[in-house]
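A short worksheet on the structure shown next.
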Amino acid sequence: MSATREFPAPELARLTLGMLPLNDAAPLVVAVEEGFFAAEGLEVSLSVESSWAGLRDAMQLGLLDGAQMLALMPLSSTLGIDGRRTPMLSALTLNLGGNAITVSQALHAQMQALGDEALTEPLGQARALKRVIEQRRLAGEPPLRFANVYPFSSHRYLLRYWLAAGGIDPERDLELRVVPPPLMVSQLEAGGLDGYCVGEPWNRLAQGRGLGHVLCGSFDIWGASQEKVFGVREAWAERYPDTHRAVLRGLLRACAWLDRSAANRQRAAHLLCVGGYLDVAPQVVEQGLRHLADARGEKGAPGATLFQRHATNFPWYSHTRWYANQMQRWGHLPGDLDLEALIARCVRPDLYRQAAADIGLSSPLDDSKTEGAHDREWSLPGTRGGIDMGPDRFLDGGVFGA
Amino acid sequence: MTIRVLIVDAKAERSRALDQALVEAGFEVMTTVDESEDLYTVMERLQPDAVIVDAALPSRDTLEHLGQLGRRFPKPMIMLAEEETPELTQQAAQAGVSAYVVDSVMPALVRSMINVAVTSFEAHRALKGELTRTQESLAQRRAIDRAKALIMENRTCGEDAAYQYLRTTAMNRRMTIHELAQELLAATGKKS
């Protein structure tokens, strides 16, 4: 406790933070339940929202102080393309990875019958899907239907990147919808969907019930894929800088705790279920949150997620830039935008470095990195010594320059 | 011009009352659907001017996507209201009402429609003694805590053992911990 005394007292003692009932809300739940926020002098209550639109409304109306967010939400809200124009920013990434692509058993069987490559790696899988699509077109069958979770989501752009890498045009060759995660499995079962990209536990759940086949995970598509972030309104961050910094310290400690051991991951699953945050069977949550050291033992381990290792929490400009480029690629963001100015406004590595320095963590020196250049683990210079980084390869071998 | 409204709600009694109130206020209610229906097909077929949806339904995100697809689909209220009616949007959010409206509907009519929906939802909540959204998740946590306490008492065990018991039982019975907690409390006659 005494270690926190040297920091300026937060301007706000009581906060309400928003989250969705998902495995990767774990850092917020752990920070509350294991006392990491309390140690910073913060009394935090978590508000469990039922949709991203609901969470966005609550943020834009000022009903929440901060929230777990989709990585693209601060940028989209600042631009005014997602709800009411409200400048938002993020100074911390909550996790990397965690999503997977699942297809129905029927579609998987068709892919196996038509693909002449092994269906074990994502590029071969996407190419096999293309063959199925071509055959269906010749037979005059309706287009396949895939789903993701929200218009401005990593799921949407990872799915599109995977499809396009296999030569599939996501606009013409299939129908893309938004379906809330809890409804995905039942729609796959009812035949309303042929596949989807979603976070855990909704991939394991489909596979466990024999309804779907999990093809590949976020890390198979992009080795460093950024997932959720912690976001606040820009005006809030300016008004309560010391509160923001204290929240960031609490979250950094919670994230480090989550990646420390397999036992902590299991404990986090317990907190999510027994705390009433997530109304899903506990063993499904536990499997999805399994420590990467364990999960790597499984083949591919789609849906595996990192909360702290490999500089997970650092808000890289290059992560947001990659997603923004994907939005532009598909015409979801104007091409003539001053993207760099927008990224500098919504992504705040400077605020991250302050909070990290407070608790003695080493931060990357640069705000961007080359994405896709590393096949294996590598080391990055940091403010307090080198940082171990993970592979960041794209499925098609593409390199996205810094 | 009559505004044609689609209601998306899983609570039949509440949506019937809302339907009636909207009609009395001069709106046309096309139909009421719940989450199990395919919203893409429903929206394409009916082309409503406005949608009123229970804010607790995750399907709101599907309506967001439809709103992005083109002018003919209603947009989220928070986008249309701009700075004109922030209090009303806030009130609606607290009452659990979400709305989607096409650009061409006059702001005065949007306000009137939202007011009708907020009043109707709040009347239903008062009548049924229902909890607000924030109270619901708190109540859920309390139910689990009380079930745990019950197990600790009955089996004279510690918290971790009580959790293990809940976990294993829920797993074997393919239930969530909250469902099991409610069942345990109901069986012993304790209110969840």
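Rule-based calculations on the coordinates, nothing more; no lab input. From a predicted model like this one, the values you see are computed outputs, not experimental measurements. Here Cβ is always computed from backbone atoms with ideal geometry, including for glycine, and neighbour counts include all displayed protein chains.
Brief remarks on what is shown
- Calculated FRET efficiency for the pair residue B:13/residue B:171, C-beta based, R₀ 35 Å, to 0.05: 0.50
- Helix A:241-260 and the longest principal axis of the C-alpha atoms of chain A enclose an angle of approximately 50°.
- Using only alpha-carbon positions in the protein assembly as shown, the gyration tensor eigenvalues give semi-axes of 33, 31, 27 Å once each is multiplied by 5 and square-rooted (largest first).
- Note on the protein assembly as shown: Lys pairs 8 or more places apart or on different chains, Cα atoms under 19 Å apart, count 5.
- Peptide B:155-167 is shielded by partner chain Cβ atoms: per residue, an average of 2 of them sit within 10 Å of its Cβ.
- With R₀ set to 30 Å, the beta-carbon distance separating residue A:16 from residue A:329 gives a calculated FRET efficiency near 0.25.
- Label-reachable residues, segment A:149-172, where backbone N falls under 18 Å from a point 7 Å from residue A:134's Cα toward its Cβ: A:163-172
- Counts of other chain beta carbons within 10 angstrom of each beta carbon in peptide A:42-54 average 5.
- Per residue, the average separation of C-alpha pairs within less than 8 Å and at least 6 apart gives chain A a relative contact order of 22 percent.
- Within segment B:97-181, the GluC sites (Glu not before Pro) that combine a DSSP coil assignment with at most 16 other C-beta atoms in a 10 angstrom radius are B:130.
- Contact order, relative form, for segment B:133-187: 41 percent (alpha carbon pairs under 8 Å, 6 or more residues apart, mean separation divided by residue count).
- Percent RCO, i.e. relative contact order, over segment B:4-128, from Cα pairs under 8 Å lying at least 6 residues apart: 28 percent
- Here the spin labels are modelled as points 7 Å beyond Cα on the Cα-Cβ line, and at residue B:25 and residue A:6 they lie 5.8 nm apart.
- Size of charge dipole - segment A:99-221 - debye, nearest 20, with Cβ of Lys, Arg +1 and Asp, Glu -1, no other charges: 180 debye
- Estimated inter-spin distance, residue A:113 and residue A:209, nm [label 7 Å along Cα→Cβ]: 2.5 nm
- The C-alpha atoms of chain A define a longest principal axis, and helix A:349-358 lies at about 50 degrees to it.
- Between B:79, B:21, B:119, the Cα set farthest toward the positive side of the dipole of segment B:4-128 (charges on each charged residue's Cβ, about the Cα centre) is that of B:21.
- Partner chain coverage, peptide A:170-179 - average Cβ within 10 angstrom: 3
- Efficiency of FRET between residue B:71 and residue A:378 - r from beta-carbon atoms, R0 35 angstrom, step 0.05: 0.15
- Computed over chain A, the per-residue total of -39500 (n - 2.57) for DSSP H runs of n ≥ 4 gives a 222 nm mean residue ellipticity of -12000 deg cm²/dmol, rounded to 500.
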